[in-house]
Amino acid sequence: MAAAATPRALILDDDLDSLEALKGLVAQAHFQVRSAQSLKEAREAMKGEMFDLALLDIELPDGSGLELIEPLETEHSAEVVIVTGYGSVDSAVEAFRSGVVDYLTKPVELNRLRLLLNKVQHTVDLRNQVRNLREELRQLGRFGPLIGVSPPMQRVYDMIERVAPTDACVLVVGETGTGKELVAETLHGLSRRARQPFVDINCGAVAPTLIEAELFGHEKGSFTGATRSRAGLFERANGGTLLLDEISEMPIDLQVRLLRVLETSQLRRVGGDHNIDVDVRIVAASNRDPEQAVRDGQLREDLLYRLSVFPIQLPPLRERGRDVELIAVHFLDELNRERGTSKIFAPETLQKLARHSWPGNVRELRNAVERIHILAQGDVIRPDVLPLSNGASSTGNGASGESIESGSLQVAVGSSIAEVERRLILATLEQLCGDKRATAEKLGISLKTLYNRLNVYRAR
Ligand SMILES: Nc1ncnc2c1ncn2[C@@H]1O[C@H](COP(=O)(O)OP(=O)(O)OP(=O)(O)O)[C@@H](O)[C@H]1O
Ligand SMILES: [Mg+2]
């Protein structure tokens, strides 16, 4: 566990006397102090270390201290205080507009400075506590809603931690059921946008003709049925995060529009005549290799470059070692809590789960545990209850895994039609390794209907 870190302060002032006086006061409050007399020096310092607090003079030989507010706040998460000898009303207004916590005029009032240092110290302590707690949970195999301690998942956590505080686009790639959506939610939850909306759209589930209006909104009368104006998902996600799931399913001409919105942070509703500013962080997800989607002409290369500023590759469950057991136990605990039971896995059952190749990944594991929970008679779940056979792995990767026996579906007389439909849909999806398009085709329903059903099941 990391030791409680000493908070770091940057003091920027071109007047040496005042700089020395401030340095003394801040150091007395147990901050580690770095000083600078010009913007250039301050920028150098900011490259080399992270600051929790910055005291900035405004008028400097090479520019205005106000220029540093943005990078200090967004990249360093620092508390920024303007300290100036001029006390000019104009610059104070400008500083407040950019979200500065406080404004001190020279000579600095000691009590105000002390109060401020106290507040920053408190914020830094809290932040460290949260960080330490997160680190402890990580050792136990939890990272937000994600479960797993395996090295490939630790690498995923590292990446999420690094990229979450920035506004960079993130592309999450992984087989079906590996947790792409959960990763997107985790990224949002750890970002400064956490209190703003998280909105998602599955580009494969919305009819190509509707997706444009869905994303960008429309004005009244812009197409048949548009009886009133409506904001799109971009506008609804404003200030927050938008997940574009199954990005390679988005019609190619719309990908051009999307790219323009990402580049300009402005959009125009369908049928609209003016631009609307939007501030949205984009996370895209795909269960296809995006490079291959580009080669197949399904994904524009320029959009891929834009989206994959920060790619996160989610490993398939079969490469996560003992995470399978950890996640299975977690799902079982959840079911026990929900249903007031206290079932546990026998060690051989966990071993059998660990040997399966899980082509449908974590989703398949979740469904399997749910079924096992229903089927198990006593409190100890024995391996014979597992609906896993020793057949060849359905991933076709030659692994000696087992496959789910899902060729037939047993339905009890007296089940409701809705329940039978639910089980049929889930079983088919599982048999087809989570391939929704193939599942919809096989069941003779539209992809949209399939998504609607799955959303309902997920909400239950
Ligand atoms: N590491 C994990 N720990 C706990 N639960 C997980 C983990 N990864 C995924 N899940 C759960 O598994 C299920 C599938 O995850 P999710 O929907 O995020 O996958 P996906 O990669 O988006 O799948 P698809 O490609 O089919 O859209 C969800 O119920 C999710 O909560
Ligand atoms: Mg998904």
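Restricted to Cα atoms, region 12-61 shows a radius of gyration and a Dmax of 10.5, 29 angstrom.
Charge dipole (Cα centre; +1 on Lys/Arg Cβ, -1 on Asp/Glu Cβ; no other charges) of region 229-337 amounts to roughly 220 debye. Using modelled amide H (1.01 Å from N, peptide plane; none on Pro or chain starts), what sits under 5 Å from the amide H of LEU60, excluding residues fewer than 5 places away? Here GLY65 satisfy the definition. Placing unit charges on each Cβ (+1 for Lys and Arg, -1 for Asp and Glu) gives the chain a dipole about its Cα centre, and among ILE374, GLY85, GLN298 the Cα reaching farthest toward its positive end belongs to ILE374. Each residue in MET159, MET250 was given a count of other beta-carbon atoms within 10 angstrom of its own, and listing them fewest first yields MET159, MET250. The angle between the Cα long axis of helix 110-139 and the main principal axis of the chain comes to about 20°, on a 0 to 90 degree scale. In plain terms, the chain is cut at each of the GluC sites (Glu not before Pro) found in a DSSP loop with at most 15 other Cβ atoms within 10 Å, and the longest leftover piece is 110-404. Between amide H atoms placed 1.01 Å from N, distances below 5 Å from PHE143 occur with GLY148, all of them 5 or more places distant or on a separate chain.
Here's the list of aspartates and glutamates a cross-link from LYS436 could span, going by alpha-carbon distance under 16 Å and ignoring same-chain residues fewer than 8 apart: GLU175, GLU181, ASP245, GLU246, GLU249, GLU364, GLU421. Region 271-326 gives an Rg/Rh value of 1.17, both radii derived from C-alpha positions and Rh following Kirkwood. Taken about its Cα centre, the chain carries a charge dipole of about 1680 debye when Lys and Arg each add +1 at the Cβ and Asp and Glu each add -1 at the Cβ. Here, region 163-283 has an Rg and a Dmax of 14.4, 42 Å when only alpha carbons are counted.
Going by how many other Cβ atoms sit within 10 Å of their own, how do MET153, MET46 line up, fewest first?
Values: MET153 23, MET46 20.
Listed from fewest to most nearby Cβ atoms, that is MET46, MET153.
Kirkwood radius, the chain, all distinct C-alpha pairs, inverse of mean reciprocal distance: 25.7 Å. With q set to 0.18, 0.26, 0.27, 0.29 Å⁻¹, the log10 of I(q)/I(0) for region 98-158, from the Debye formula over equal scatterers at the Cα positions, is -0.71, -1.04, -1.07, -1.14. Taking other C-beta atoms within 10 angstrom as a stand-in for reagent exposure, VAL362, VAL385, VAL256 fall in the order VAL256, VAL385, VAL362, fewest first. Each 5 Å bin, from zero up to the one with the longest distance, holds this percent of the alpha carbon pairs of region 312-354: 6, 22, 24, 20, 15, 9, 4, 1. For the pair region 155-182 / region 294-373, the C-alpha centres are spaced 15 Å from each other.
Report the local net charge at LEU375: Lys and Arg +1, Asp and Glu -1, summed over other residues whose C-beta lies under 12 Å from its C-beta. Could you put the intermediate results ahead of the total?
Details: positive: LYS343, ARG371, ARG382; negative: GLU370, ASP384.
Neighbour charge sum, excluding LEU375 itself: +1.
If region 94-218 were replaced by its equivalent ellipsoid, with semi-axes equal to the square roots of 5 times the Cα gyration tensor eigenvalues, what would those be, largest first, whole Å?
38, 25, 9
Normalised by the number of residues in the chain, the mean separation of alpha-carbon contacts (under 8 Å, six or more apart) gives a relative contact order of 11 percent. Our note on the geometry: Cα centres of region 225-254 and region 9-81, 41 Å apart.
Per residue, the chain reaches -14000 deg cm²/dmol at 222 nm when only DSSP H runs of four or more residues are counted, each adding -39500 (n - 2.57). Sequence-ordered 3J(HN,Hα) estimates for region 47-64 from the Karplus curve with 6.51, -1.76 and 1.60 and θ = phi - 60° stand at 6, x, 8, 9, 10, 9, 9, 9, 9, 10, 7, 8, 8, 10, x, 10, x, 9 Hz, glycine and proline given as x.
Computed from the coordinates by the stated procedures, all read-outs in this text should not be read as laboratory data. As the structure is a computational prediction, the values presented were derived from the model and not from experiment. When we count neighbours, we look across all protein chains shown, and the Cβ atoms used for this are built from the backbone with ideal geometry, even at glycine.
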